[in-house]
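Novice: Quick one: the structure is below, and I'll ask about it shortly.
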Amino acid sequence: MNTAVYPGTFDPVHNGHIDIARRAAGIFDRVIVAVYDLPQKSLLFNTQERVAMVREVLADVSNIEVSSYSGLTVDFCRERGAHTVVRGLRVISDFEREYQMSLTTRELAPEIDMVCLMTSLQYAFLSSTIVKEVALAGGSVSQFVPEPVSAALRARLTHHTP
């Protein structure tokens, strides 16, 4: 079975993430959307909440599973029998970072390759940071995220003090 891991923070998951995950599911037999447990950035949602949101919005894709992880992505890939890491590229700065990560991955785990999928044009500007900034400012994010994620943002931000 050809397994790929699509890692990320997904705080929150947005339509660009969903597009990449669905497209990866069309290429690989099995895709594990791997929600990184403790990134070095502040989070709006905890790990369990992020996993639950990703599971809900991708539940209709039978060859996608969602799991949280901590530690190195290459170690998670080895544990799950994956030989490919999938990443999405939006802009030039994404390429620079992903290229650096790809070289690091090859150094740490030569058996693991990285595949980058270009974002669909309608999501080229979209990031979780933008989604959170719009939501925090009181704007609608319904065009950026599925309804369950939009609802979770509304619920979280009614209790959030900047």
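Novice: Measuring from a point 7 Å past the Cα of ALA124 along Cα-to-C-beta, which residues in segment 86-118 have an amide N at less than 17 Å?
Specialist: 88-96, 117-118
Novice: Just going by the charge dipole of segment 80-162, with Lys and Arg at +1 and Asp and Glu at -1 on Cβ, which of THR104, GLY139, VAL115 is farthest out on the positive end?
Specialist: Farthest along the dipole direction, towards plus: GLY139.
Novice: Another question, if that's okay. How charged is the neighbourhood of PHE45? Take every other residue with its Cβ under 14 Å from the Cβ of PHE45, and add Lys/Arg as +1 and Asp/Glu as -1.
Specialist: Details: positive: LYS41, ARG50, ARG55, LYS132, ARG154, ARG156; negative: ASP11, ASP37, GLU49, GLU56.
Neighbour charge sum, excluding PHE45 itself: +2.
Novice: If you don't mind, another one. For a quick check of your reading of the filter: which trypsin sites (Lys or Arg not before Pro) in segment 13-114 sit in a DSSP loop and have no more than 10 other Cβ atoms within 10 Å? Don't jump to the answer; show the numbers that get you there.
Specialist: Values: sites: ARG22, ARG23, ARG30, LYS41, ARG50, ARG55, ARG78, ARG80, ARG87, ARG90, ARG97, ARG106; in loops: LYS41, ARG90.
Taking segment 13-114 and a limit of 10 other Cβ atoms within 10 Å, the loop trypsin sites (Lys or Arg not before Pro) found are LYS41.
Novice: What number comes out for the charge environment of THR73, summing +1 per Lys or Arg and -1 per Asp or Glu over other residues with Cβ under 14 Å away?
Specialist: -2
Novice: Then there's this: Show me the chymotrypsin sites (Phe, Trp or Tyr not before Pro) within segment 19-81 that DSSP assigns to loop and that have at most 10 other Cβ atoms within 10 Å of their Cβ. Show your work: numbers first, answer last.
Specialist: Details: sites: PHE28, TYR36, PHE45, TYR69, PHE76; in loops: PHE28, PHE45.
Sparse-neighbourhood loop chymotrypsin sites (Phe, Trp or Tyr not before Pro): none present.
Novice: Kindly provide the helix-only [θ] at 222 nm of the chain, computed as the sum of -39,500 (n - 2.57) over DSSP H runs of four or more divided by all residues, to the nearest 500 deg cm²/dmol? Walk me through the numbers before you get to the answer.
Specialist: Details: 6 runs with 68 residues, N = 162.
It lands at -13000 deg cm²/dmol.
Novice: Within a Cβ distance under 12 Å of LEU121, other residues only, what is the Lys/Arg minus Asp/Glu net charge?
Specialist: On the way: positive: ARG90; negative: ASP19.
Local net charge: 0.
Novice: With all protein chains present, how much of the accessible area of segment 81-162 (probe radius 1.4 Å) comes from carbon and sulfur, to the nearest whole percent? Spell out each step's value before the answer.
Specialist: On the way: 2990 of 5030 Å².
Here it works out to 59 percent.
Novice: Taking only Cα atoms, what is the 0 to 90° angle, nearest 10, from helix 15-25's long axis to the longest principal axis of the chain?
Specialist: Relative to the chain, helix 15-25 is tipped by roughly 30 degrees.
Novice: Another question, then. Give the angle, between 0 and 90 degrees and rounded to the nearest 10, that separates the Cα long axis of helix 92-108 from the longest principal axis of the Cα atoms of the chain.
Specialist: So the helix axis and the longest Cα principal axis differ by about 40 degrees.
Novice: Would you work out the Kirkwood radius for the chain? I mean one over the mean of 1/r across all pairs of different Cα atoms, in Å.
Specialist: Values: mean 1/r = 0.0619 Å⁻¹.
This gives a value of 16.1 Å.
Novice: Using only Cα atoms, find the angle between the long axis of helix 47-57 and the longest principal axis of the chain, and express it within 0 to 90 degrees, rounded to the nearest 10.
Specialist: 90 degrees
The values are calculated or read from the model by the stated rules, or taken from the named source; none is laboratory data. Just so you know, these numbers come straight off a predicted model, no measurement behind them. Because the Cβ atoms are built from the backbone with ideal geometry, glycine has one as well, and the counts that use them run over all protein chains shown. When the accessible area is computed, the model is the full protein with side chains, heavy atoms only, and any ligands, DNA or RNA have been set aside. Shrake-Rupley method; radii C 1.70, N 1.55, O 1.52, S 1.80 Å.
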